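Student: Sharing a structure with you now.
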Amino acid sequence: MKFESVLLDIDGTLWDSRALVAEGWNRALFKYDGGRAAATVAEITPLFGKTQKEIADRFLPHLPPEQRYWLIDKCFQGENEVLAESPCQILYDGVAETLQKLAQSHRLFLVSNCERPYMNLFLEKTGFSPYFTDHLCCGDTNKSKVENIRALLEKWGIASGVYVGDTQTDQQSAIKAGIPFLWASYGFGHSDCHLGKLAAFSDVLAYV
């Protein structure tokens, strides 16, 4: 076994929620902003993996800070409403089967820049809670992904871990935390420094 623990991103790695997120944002934008702004899948894709504040600054730069942070919070509430209503059949191929196999021989962890309700909805909708030893998100700690990776490494005494994600933020966070990075190339972003490139999530089995 090359690694005893596998730390995982959510969006662009385990599932693709972009269409549902856009629907939720547009619901909120229509209600609270008169539809003056609209969210398309193409527009929001580069925002995945960033913190709520970073998303607000990029998506709503025309609004004063206080107003943009208030409105993006409403957008996040809208996406959670849509996710709660949806069956969320948005997992990438092979994710459920691969996680089941991994959990038999590895400790699994989730580390995401999402807010806590989103993390909870992911676990509720997928039923994957039994597979994971622990999870941390920006909404739990108000800290960066690299800090949350480090926190889990220390808390659980992870001596040999690898992080699986799809963006350069994921790559940089893993490297700064001192662990290798596996790039989910089917996701939303890019990587120029990784231990391995995954064409499908099931490819992770060959590396861990």
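The values are calculated or read from the model by the stated rules, or taken from the named source; none is laboratory data. Please read these numbers as outputs of a predicted model, since none were measured by experiment. No Cβ is skipped: glycine too gets one built from the backbone with ideal geometry, and neighbour counts run over all protein chains shown. The protein model used for the area step is the full one, side chains on, heavy atoms only, and it has no ligands, DNA or RNA in it. Shrake-Rupley method; radii C 1.70, N 1.55, O 1.52, S 1.80 Å.
Student: Trp156 to Asp57: extension gain in nm, 0.36 nm per residue of separation minus the Cα-Cα distance?
Tutor: Full extension of this stretch gives 32.2 nm more.
Student: Leaving ligands, DNA and RNA out of it, report the carbon-plus-sulfur percent of the accessible area of the stretch 130-208 at a 1.4 Å probe. Don't skip to the answer; put the middle values down first.
Tutor: Details: 1790 of 3550 Å².
Solvent-exposed carbon and sulfur of the stretch 130-208 make up 50 percent of the total.
Student: Which shape class applies to the stretch 99-160: rounded if a/c is under 1.5, otherwise prolate when a/b exceeds b/c and oblate if not, where a ≥ b ≥ c are the square roots of the Cα gyration tensor eigenvalues? Walk me through the numbers on the way to the answer.
Tutor: Numbers: a/c = 2.79, a/b = 1.08, b/c = 2.60.
Oblate.
Student: Then there is this: In whole Å, largest first, what are the principal axis extents of the Cα atoms in the stretch 9-48?
Tutor: 33, 14, 12
Student: Using a 1.4 Å probe on the protein heavy atoms, what percent of the accessible area of the stretch 39-86 belongs to carbon and sulfur?
Tutor: C and S fraction of accessible area: 55 percent.
Student: On to the next question. Kindly report the accessible area of the stretch 107-160 per residue (heavy atoms of protein chains, probe 1.4 Å, no ligands, DNA or RNA), in Å².
Tutor: Numbers: 2470 Å² over 54 residues.
Roughly 46 Å² per residue, with all protein chains present.
Student: Sequence gap of 8 or more, or different chains, plus Cα separation below 25 Å: how many lysine pairs satisfy both in the stretch 1-158?
Tutor: Eligible lysine pairs with Cα atoms under 25 Å apart amount to 22.
Student: Work out how much length Lys197 to Ala42 would gain on full extension: take 0.36 nm times their residue separation and subtract the Cα-Cα distance, in nm to one decimal. Present the calculation step by step, with values, prior to reporting the outcome.
Tutor: Values: separation 155, 0.36 × 155 = 55.80 nm, distance 2.33 nm.
This chain segment gains 53.5 nm when fully extended.
Student: Taking square-rooted eigenvalues a ≥ b ≥ c of the alpha carbon gyration tensor, is the stretch 93-134 rounded, prolate or oblate, where a/c under 1.5 means rounded and, failing that, a/b exceeding b/c means prolate? If you can, show how the numbers build up before the last one.
Tutor: Numbers: a/c = 2.15, a/b = 1.59, b/c = 1.35.
The shape class here is prolate.
Student: Rounded, prolate or oblate: which fits the stretch 71-208 when a ≥ b ≥ c are the square roots of the eigenvalues of the alpha-carbon gyration tensor, with rounded for a/c under 1.5 and prolate only if a/b beats b/c? Could the numbers behind the result be given before it?
Tutor: Numbers: a/c = 1.44, a/b = 1.25, b/c = 1.16.
Since a/c stays below 1.5, the shape of the stretch 71-208 is classed as rounded.
Student: Now for a different question. If you stretched the chain out fully between Glu124 and Lys143, how much longer would it get, using 0.36 nm times the residue separation minus the C-alpha to C-alpha distance? Write down the numbers at each step before the final one.
Tutor: On the way: separation 19, 0.36 × 19 = 6.84 nm, distance 2.36 nm.
Gain in length upon complete extension: 4.5 nm.
Student: Could you list, bin by bin from short to long, the percent of Cα-Cα pairs of the stretch 166-207 in 10 Å steps?
Tutor: Calculated P(r), rounded to whole percents: 34, 55, 10.
Student: Another question, then. Roughly how much of Lys74 is accessible, in Å² to the nearest 10, using a 1.4 Å probe?
Tutor: Accessible area, nearest 10 Å²: 40 Å².
Student: Could I ask something else about it? How much net charge surrounds Glu81 when only other residues with a Cβ under 15 Å from its Cβ are counted (Lys, Arg +1; Asp, Glu -1)?
Tutor: On the way: positive: Arg27, Lys31, Lys74, Lys125; negative: Glu23, Asp73, Glu79, Glu85, Glu115, Glu124.
Within the 15 Å Cβ shell, the charges total -2.
Student: Next question. For the stretch 1-140, just run the numbers: alpha carbon Rg, then divide by 2.2 N^0.38 Å, N being how many residues it has.
Tutor: 1.12
Student: I want to check the label-to-label distance for Trp70 and Ile90. Put each point 7 Å from Cα in the C-beta direction and report it in nm to one decimal.
Tutor: 2.7
Student: If you average the alpha carbon positions of the stretch 173-208 and of the stretch 94-150, how far apart do those two centres end up, in angstrom?
Tutor: Spelled out, the Cα-based centre of one part sits 16 Å from the other.
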